[in-house]
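The values are calculated or read from the model by the stated rules, or taken from the named source; none is laboratory data. Given the structure is predicted, the values throughout are model-derived calculations rather than measurements. Quick reminder, even Gly has a Cβ in these numbers, built from the backbone with ideal geometry, and neighbours come from all protein chains shown.
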Amino acid sequence: MSDTQGSIHDQWSSRFAFILAAIGSAVGLGNIWKFPYIAGENGGGAFVLFYLVCIALIGMPIMMAEILIGRRGRRSPINTMRALVVEEKAHPAWRWLGWLGVVTGLLILSYYSVIAGWALAYVFRAAAGLFTGAAAETVSAQFDALLQSPEAMLAWHTLFMMMTVAVVARGVRSGLERAVTLLMPALFVLLVILVFYALYEGDFARGAAFLFHPDLNKVFQHCELTESGVKACRFSGEPLLIALGHAFFTLSLGMGAIMVYGSYMPSNASIARATLAIVVADTVAALLAGLAIFPIVFANGLEPASGPGLVFQTLPIAFGAMPAGRLFGTLFFVLLVFAAWTSAISLIEPAVAWLVENRGLARIPATLGAGVLAWMLGVGSVLSFNLWSGESFQVFGKTWFELMDYLTANILLPVGGLLIALFAGWVMSRTTSCDELGMGDGPWYRIWRFLVRYVSPSLVVIVFFNAIGLI
Ligand code: PHE
């Protein structure tokens, strides 16, 4: 039984509510916006295969570890780590793990909100019928027009951040819980409709082959479109790191989001079963998005490696051509905004929980403070697509947006996840983790412990060193 004393949080109303909230956090822009475009930039099949291996061997065990740590501590990540350090007589430096999560969450939220702003803009574009009958070039030009307007992007970014702050500040999460039950399945249905469209109207065979036919040469080949529109590829271990980083990003792992949600989870619920449900939902969403997008890419002569605009340059073509496309298009972007919203809430939550618990702030000022900080950092990402896109504004050849994305997804989340695995596998006593996971001391528990102690940490370390060229 876990120690619930000292907790100032409510618990989720049921086991199911925890799973819903965690799915809300996991399924978001990562699945529908990011997965397709990074799969496209990294050659498809082999990258997808490696991503799936990372989900199974690293994502699942570490998600169980993160939920378990959160439920044991029952506080914000920072205080959870503090409490567990005492309970397990661990080195005080482990407390920094909680801090790492707060910082990573705010950095991710800063650019996440900018991209969610694009989705907001697209709700109105779809509703206005802008895509009806539009050809690929028109759709691309429409997207470029958005990027070229810092004012518009800033306004949408601001609106999305306000939506996030409003929910977190007022704690109307119970309403969201109910909405997730309705809207998440709706998003899945729309994705399936889009896959059917792609099946009949797109180049489905090529799209599916691109995603699922692994060509191992390609996974070590990282391609980008240069400014002049030429595809430049080079060999490096970087795609593996991008796939690994995305496994953390898409499952919301390594920064305390799942830890916070775990801290509200009832003690009698099964962590393993919850994890399985979350991982399956998340992976299916990403694969459906890929299957909807790539057939359209190939049927229209578009470039799979065209970068962060991929979703916004492909799906509108489908909405423009299908019956009732205006309705479906509007609905799709509404649901995408909603999916991003439930993820953004979990990105800001570790920071807010800490401000409330440790700084004695009330929820509203705490959320406002965190939101303003993330908003300001996000302005750099808004400008990365226009005024600051030039080389003179780049660091290590990356714009501010690219830097934030790379730093958080490919470095901070894997490091956070690695530390979580080491803490749950090596620092926590066997009795604690066995008791908290509640699946007995049988083969399943042993497999988990083996993965979290040896397999996940060494894979993360190997991929890291490989990417920076050390092995
Ligand atoms: N998992 C979310 C997505 O795929 C993003 C996220 C990352 C949310 C980390 C919380 C923490 O869109």
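Quick check: anything in the range 374-385 within 14 Å of the ligand (Cβ to nearest atom), in contact (Cβ under 8 Å) with a residue 12 or more places away in the chain, more than 30 Å from Ala128 (Cα to Cα) and part of a helix (DSSP H, G or I)?
Looking through the range 374-385, at least one residue is within 14 Å of the ligand (Cβ to nearest atom), in contact (Cβ under 8 Å) with a residue 12 or more places away in the chain, more than 30 Å from Ala128 (Cα to Cα) and part of a helix (DSSP H, G or I).
Sort out which residues of the range 94-120 are more than 13 Å from the ligand (Cβ to nearest atom) and buried (at least 21 other Cβ atoms within 10 Å of the Cβ), and write them in order of number. Show your work before the answer.
Restricting attention to the range 94-120, the residues satisfying the condition of being more than 13 Å from the ligand (Cβ to nearest atom) are 94-99, 114, 117-118, 120.
Leu97, Gly98, Val114, Gly117, Trp118, Leu120, listed by residue number.
Could you say which residue among Thr132, Thr181, Thr158 is closer than 24 Å to Leu302 by Cα and among the β-branched types (Val, Ile, Thr)?
Just a single option satisfies the conditions, and that option is Thr132.
Residue by residue, here is whether (1) of a type in the set (S, T, N, Q); (2) assigned to a helix (DSSP H, G or I); (3) modelled with pLDDT of 95 or more; (4) surrounded by 17 or more Cβ atoms within 10 Å (Cβ to Cβ) holds:
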residue	(1), (2), (3), (4)
Thr132	yes, no, yes, no
Gln142	yes, yes, yes, yes
Ala145	no, yes, yes, no
Met153	no, yes, yes, yes
Met162	no, yes, yes, no
Val168	no, yes, no, yes
Ser174	yes, yes, no, no
Glu177	no, yes, no, yes
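Does the range 386-430 hold any residues that are over 11 Å from Gly245 (Cα atoms) and touching a strand residue (DSSP E or B) at 6+ places or on another chain (Cβ under 8 Å), and which are they?
Leu403 - this is the single residue of the range 386-430 that is over 11 Å from Gly245 (Cα atoms) and touching a strand residue (DSSP E or B) at 6+ places or on another chain (Cβ under 8 Å).
Would you call Ala65 assigned to a helix (DSSP H, G or I), touching a residue at least 12 places away in the same chain (Cβ under 8 Å), more than 13 Å from the ligand (Cβ to nearest atom) and among the small types (Gly, Ala, Ser)?
Here the answer is yes, as Ala65 does meet what is asked.
Out of Ser381, Ser456, report the one residue that is buried (at least 20 other Cβ atoms within 10 Å of the Cβ), under 30 Å from Leu154 (Cβ atoms) and at pLDDT 95 or above.
On the way: Ser456 fails: under 30 Å from Leu154 (Cβ atoms).
None of the others qualify; the one that does is Ser381.
Take Val337 and decide whether it is within 16 Å of the ligand (Cβ to nearest atom) and under 19 Å from Pro36 (Cα atoms).
yes
Exactly one condition in (1) outside any helix (DSSP H, G or I); (2) buried (at least 22 other Cβ atoms within 10 Å of the Cβ) is false for Phe248; which is it?
(1)
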